[in-house]
Number of protein chains: 2
Amino acid sequence: MTEVLVAGEWRAASVAGSFRARNPATREELAQEFPVSAWADCDRALDAAVEAARLLRGFSGEQLGRFLAAYAENIESRADEIVALANEETGLPVKPRLRDVELPRTTTQLRQAASAAREGSWTQAVLDTKNNIRSHFAPIGPVVVFGPNNFPLAFNGISGGDFAAAIATGCPVIAKAHPLHPATSQALAECANAALASSGLPAATAQMLYHLSNEDGLRLVADGRVGATSFTGSRPAGLHLKAAADKAGKPIYLEMSSLNPIVYLPGALKERGEALATETADSGLAAAGQFCTSPNLLFVVESSEARSFINGVAKIYSERASGTLFSEAGLRGLAKGVERLVEAGAKALTAATANGKGYCYPNTVLEVSAGVFLANGEALQQEAFGNATTVVLCADLDELHAALESLEGNLTGAIYSSKAGEDDAFYDGVAEILRGKVGRLMNDKMPTGVALSPAMNHGGPYPSTGHPGFTAVGIPRSLQRFGTLQCYDGVRPERLPAALRDAAPHGEIWRAVDGSWVRG
Amino acid sequence: MTEVLVAGEWRAASVAGSFRARNPATREELAQEFPVSAWADCDRALDAAVEAARLLRGFSGEQLGRFLAAYAENIESRADEIVALANEETGLPVKPRLRDVELPRTTTQLRQAASAAREGSWTQAVLDTKNNIRSHFAPIGPVVVFGPNNFPLAFNGISGGDFAAAIATGCPVIAKAHPLHPATSQALAECANAALASSGLPAATAQMLYHLSNEDGLRLVADGRVGATSFTGSRPAGLHLKAAADKAGKPIYLEMSSLNPIVYLPGALKERGEALATETADSGLAAAGQFCTSPNLLFVVESSEARSFINGVAKIYSERASGTLFSEAGLRGLAKGVERLVEAGAKALTAATANGKGYCYPNTVLEVSAGVFLANGEALQQEAFGNATTVVLCADLDELHAALESLEGNLTGAIYSSKAGEDDAFYDGVAEILRGKVGRLMNDKMPTGVALSPAMNHGGPYPSTGHPGFTAVGIPRSLQRFGTLQCYDGVRPERLPAALRDAAPHGEIWRAVDGSWVRG
């Protein structure tokens, strides 16, 4: 049985069960056996994390940055092996996805987090020198990260954006790897652990368990020793964890589900409907639609161009080979999801047969009238995670407005409009409604690219996340989730943290000193 | 029956019941009758608030600021009347408390919020011009504010810090006034409503109900039309509201309870024990101890100086006249709270008789050993709100550390130490533990002064609040609670909010443009 990484050591798990991953492209079980940890492993990891959090207060941002950078290097030095494991466990192609996109994204995030840790501005230091009151954000304590199934590297609990953000704030991480890619997680955790040793950080700064019972997961996020939790995954799992954490008064940051509505205004369809059909299919079928930002809900206003567009999307979906889904459960979930949409009034425009020997589901385009969408909004806004998308056909602009008004919170929303200005009269009304429903509003682009930009928001209104003020992507803002606000009032100068003293600390940190942002 | 302020008009309430306030100094019921609103009032206020939130998006920070400033002026022009009402309803002295401290604090907060609204930096605009990705915080939507009993002006739902912060972000407020000071709230709401009219803001920007059933309060914070809620009050009420809001995925900011631990290190007691006893009593008995930052838990290490200090505090508490509590319920609650502390092992050092014909409770000092405190931590950390404080006597420094480690989250913590350096060897160990337990750490000062400083943190770890990353005092940081993060990705320049365009907007706003904070 594979060992877990607890308190700086690979050690035999306290075993509550075991599991093996499967290769989704062949449906074959893989050889390596992994433990489902019993509570004793969580307990040990929590104690070690508390001690690591205490020790980390004595380390500088520079030292945290050194670890993150060394970790990125270690991943690169084992890149081929890691992407091979990830490919075997997830079915995602080695090239371009894993080797050229996701792995570089992962190391870029780690390096951006390293810079943020070194630079220190994420702490938002505010100094009122006249009254000798000073405050900034400090690490919130041990962070539990639940990684999702769909990014084995860039959102992995032990290597992804949440991990990088938590470490950069000085919080130790207990990663709960996703059971669909345990060997990938193991290799990453080995890289992390080696970087801890070489950079001299506390051994328990990064710990990892492969799997837990649901019960122990709920217990973990509510444990008194935890500072905060972050979770990326399904809405039902997220809401269960949220309830447990909320009850215990523990912050939990969730990225749960999103349909990513896209509005195609009439002029855009007239101008470039065929190209938009291809663009939509390219985005919607990428990774078999298994992105949190996959375009799953398309809005058009009835017209001959709209009809051509819908037919165009359906045609491409029908013609392209189905991608591989991550698991049998995912396949069943998608089939069930599409079934529910059909029961709620959506009509399939594509045939229901899949090709491929792996976990494949036929590429699916559904259509529903805005009237039915408005009547059955809750059922028709259930996520069907994968290569299926639904077009909502609106009789006119008023119906489009009403349909958008009825949307739940989403991560993203996009509006395609005529480049010649033909839609300008409609844009504002549509944008005003959509703006309130999404975290990221786009023009003329698909939501599946989530740039690693300081201005990015990978967040949004409930139930796409648990709180609309936080983002999971975009450094340094994503670090904010793992900060606790600490004020020093009348504290003697020599007892203040260096970054809050009158004399500017070394380095690049921005501070708000008596009302002005200054550096150096 | 007094009318409620809904949708810009004073109108007859949808009445579920009625109540009258009492003068706590005489225990006499006051004449004016106020409604307990039925759900229909909430429903109407919510609809009006949604529409106001929509309209407010078309108003500038300058216009919001004009309203807040006009409101402050209106309060000043009716100052004598307002403080007379507040005095009658709360028993708080007109001078200095209401007229010279709390009313100016209230208008200062409104004016600071006005400046923050005009200046706009609270939005934390981040521009990535290379990728054309831009984000900032925008108003979260209608905000429900539950005001507490203990600040009829400066924390009133219709005039206090939460109100000012929400309005400054562009969020309309539905204030739930506290039933212990309804006429004060009415006068303030009149000032607010007049300012809305004179400044041209939407009529429903500020609405007020006097009282609700608990059931309707729970329904209100979970309503789909609400953006967020803020609450200041007791822990049980706060936790009920939190559960309802959490379940609905609605942000709620809570300030619930705090004992505000104070550590007196040995050298400080040797150096100035007598003065510290007076300073402690002055702070602990101010407003009969009815502050959220009242010093309710004092830690000393056994010594003859510690004994003198305890006796000194007890002597002053015994000699001073008892202040007036806000209500009979408050009096009963305090008596019950002290009883519970005694049952849990604390010993009263003061006599149990009160003077005064109002709601008075004898000034009370309790003592408990650290051993008992550690054994009965939960019971001994129950808040007894009012003029009672507990001294924890520690055998040595190790026991002091252990006692501090056992503390729940608090708003504040203070450490008194020798000015000559005699305690320097002990400070770091004590401060490290206390730092993790409190939002604001002080040296050599009492927690009851909460300066209106941008660096202030009136927040802290659970259960003093619901989330340790937010503060209820300190502008502009307190505005952050009412922001939702909105990103614009690839949006055409002319469609961007002015503050996110490449060209710097007019005025004073600070923005992070391609990695640097710049203004103008």
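General remarks:
- A:A194 vs. criteria modelled with pLDDT of 95 or more, away from chain B (no Cβ under 14 Å) and surrounded by fewer than 24 Cβ atoms within 10 Å (Cβ to Cβ): yes
- Restricting the stretch A:215-232 to residues that are touching an Asp or Glu at 6+ places or on another chain (Cβ under 8 Å) and not charged (D, E, K, R), the residue that is farthest from A:A166 (Cα to Cα): A:T232
- Search result, residues across the stretch B:352-376 that are modelled with pLDDT of 95 or more and either not assigned by TED's automatic domain parsing to the domain that holds B:T324 or not hydrophobic (A, V, I, L, M, F, W, C) (or both): B:Y359, B:Y361, B:P362, B:N363, B:T364, B:E367, B:S369, B:G371, B:N376
- Filter result (over 19 Å from A:N457 (Cα atoms) and within 9 Å of chain B (Cβ to nearest Cβ)) within the stretch A:406-423: A:S417
- Only residues that are within 11 Å of another protein chain (Cβ to nearest Cβ), closer than 25 Å to B:Q381 by Cβ and surrounded by fewer than 24 Cβ atoms within 10 Å (Cβ to Cβ) were counted across the stretch B:245-271, and they come to 1.
- The residue that is farthest from the other protein chains (Cβ to nearest Cβ), among those in the stretch A:466-517 that are part of a loop (DSSP other than H, G, I, E, B) and within 25 Å of B:A248 (Cβ to Cβ), is A:A472.
- Top-ranked residue of the stretch A:433-460 - restricted to ones that are among the basic types (K, R) and at the interface with chain B (Cβ under 8 Å from one of its Cβ atoms), ranked as farthest from A:G267 (Cα to Cα): A:R440
- Positions within the stretch B:1-14 being surrounded by 16 or more Cβ atoms within 10 Å (Cβ to Cβ) and either outside any loop (DSSP other than H, G, I, E, B) or touching a Gly at 6+ places or on another chain (Cβ under 7 Å) (or both), in sequence order: B:V4, B:L5, B:V6
- Taken over the stretch A:407-421, the residue count meeting the criterion of being touching a helix residue (DSSP H, G or I) at 6+ places or on another chain (Cβ under 7 Å) and either crowded, with 18+ Cβ neighbours inside 10 Å or among the aromatic types (F, W, Y) (or both) is 5.
- Residue under evaluation B:V430, criteria (1) more than 8 Å from chain A (Cβ to nearest Cβ); (2) assigned to a loop (DSSP other than H, G, I, E, B), criterion not met: (2)
- The conditions of being more than 17 Å from A:L269 (Cα to Cα), touching a helix residue (DSSP H, G or I) at 6+ places or on another chain (Cβ under 7 Å) and assigned to a helix (DSSP H, G or I) are met by A:R340.
- Boolean, B:A425 is assigned to a helix (DSSP H, G or I), touching a Gly at 6+ places or on another chain (Cβ under 9 Å), in the same structural domain as B:A268 (by TED's automatic domain parsing) and surrounded by fewer than 18 Cβ atoms within 10 Å (Cβ to Cβ): no
- Among the candidates A:K347, A:K357, residue that is over 24 Å from A:G413 (Cα atoms) and of a type in the set (K, R): A:K357
- Restricting the search to strands (runs of 3 or more DSSP E) fully inside the stretch A:98-167 and requiring at least 2 residues that are within 14 Å of chain B (Cβ to nearest Cβ) and out of contact with any Phe, Trp or Tyr (no Cβ under 7 Å at 6 or more places or on another chain) gives A:125-128, A:133-139.
- Verdict on B:P463 being assigned to a loop (DSSP other than H, G, I, E, B), closer than 26 Å to B:A114 by Cα and at the interface with chain A (Cβ under 7 Å from one of its Cβ atoms): no
Okay, residues lined up against (1) touching a residue at least 40 places away in the same chain (Cβ under 8 Å); (2) more than 21 Å from B:A125 (Cα to Cα); (3) surrounded by 24 or more Cβ atoms within 10 Å (Cβ to Cβ):
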| residue | (1), (2), (3) |
| --- | --- |
| A:K445 | no, yes, no |
| A:T448 | yes, yes, no |
| A:P454 | no, no, no |
| A:H458 | yes, no, yes |
| A:P468 | yes, no, yes |
| A:G474 | no, no, yes |
| A:L479 | yes, no, yes |
| A:F482 | yes, no, yes |
| A:Q486 | yes, yes, yes |
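- Criterion (in the same structural domain as A:R105 (by TED's automatic domain parsing), buried (at least 22 other Cβ atoms within 10 Å of the Cβ) and modelled with pLDDT of 95 or more) met by exactly one of A:L68, A:L55: A:L68
- Condition check for B:D162: among the charged types (D, E, K, R) and buried (at least 24 other Cβ atoms within 10 Å of the Cβ): yes
Quick grid of which residues meet (1) part of a helix (DSSP H, G or I); (2) among the aliphatic types (A, V, I, L, M):
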site	(1), (2)
B:S18	no, no
B:Q32	no, no
B:D47	yes, no
B:G58	no, no
B:Q63	yes, no
B:A69	yes, yes
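The values are calculated or read from the model by the stated rules, or taken from the named source; none is laboratory data. Fair warning: this is a prediction, and the values are worked out from it, not measured in the lab. Neighbour counts are summed over all protein chains in view; Cβ atoms, including those assigned to glycine, are modelled from backbone coordinates with ideal geometry.
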